[in-house]
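Derivation of every value follows stated rules applied to the coordinates shown; laboratory data play no part. All values derive from a computational prediction rather than experimental measurement.
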Amino acid sequence: MSDIIADLATLDALYGDVDERSIIKVTDHVHPVYKPWIEASPFAIMSTSGPGGVDASPRGDGPGFVEVADPHTLLMPDRRGNNRADSLRNIIDDPRVGLLFLVPGLGETLRVNGTAAISVAPDLLERFAMAGKAPRTVLVVRVHEVTSSAPAPWCGPICGTRRGTSSAASFPPPARSWPP
């Protein structure tokens, strides 16, 4: 017997059935209940995959730096940075992206999976200009799946807690109470 799990049957036997609450809260769009997370988030982690491997890249700005253009589209400016452009290079090869949104004071996270395109449309660049400086590009993310995650033990010290924090009061109910 090996100490490494290498097939789905063994994995499924170990973990069992998926909790129904984890399934019913998944949507194929940004539901109005999830929109406040994106609008309040000053930080997201974007994951991509390409020929050079995988990448998890921090993205951030003021709360609402990612705009919900419509229930199926997110807009995220790519501000000037170190010019490695690892995620952008990956998107050209494989447009699939995963975004993990975090909000200070809220112990839950919001996950968005979709596909991204890199835009240099003048109207989008102008729309996201700050202090007279436009971003180099704007990512246009087509949303395929959105779900929230219940508070995780690791998140407490980093994200704060839901109870007793004023910033969390206006957010959707915890994932464990979904649907609203």
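Side notes on the structure shown:
- Derived scalar couplings ³J(HN,Hα) [segment 46-61; Karplus, 6.51 cos²θ - 1.76 cosθ + 1.60; whole Hz; x for Gly, Pro]: 10, 10, 9, 9, x, x, x, x, 9, 9, 10, 10, x, 9, x, 4
- Segment Ala13-Asp94, extension gain: residue separation times 0.36 nm, minus the distance between their alpha carbons: 25.9 nm
- Distant-in-sequence amide H partners of His29 (H built 1.01 Å from N, under 5 Å): Val146
- Computed over the alpha-carbon atoms, segment 1-68 gives an Rg to Rh ratio of 1.12, Rh here being the Kirkwood radius from the mean inverse distance.
- Hz values of 3J(HN,Hα) by residue in segment 108-125 - Karplus curve (6.51, -1.76, 1.60), Gly and Pro given as x: 9, 10, 10, 10, 10, 10, x, 10, 10, 10, 9, 10, 10, 4, x, 5, 6, 4
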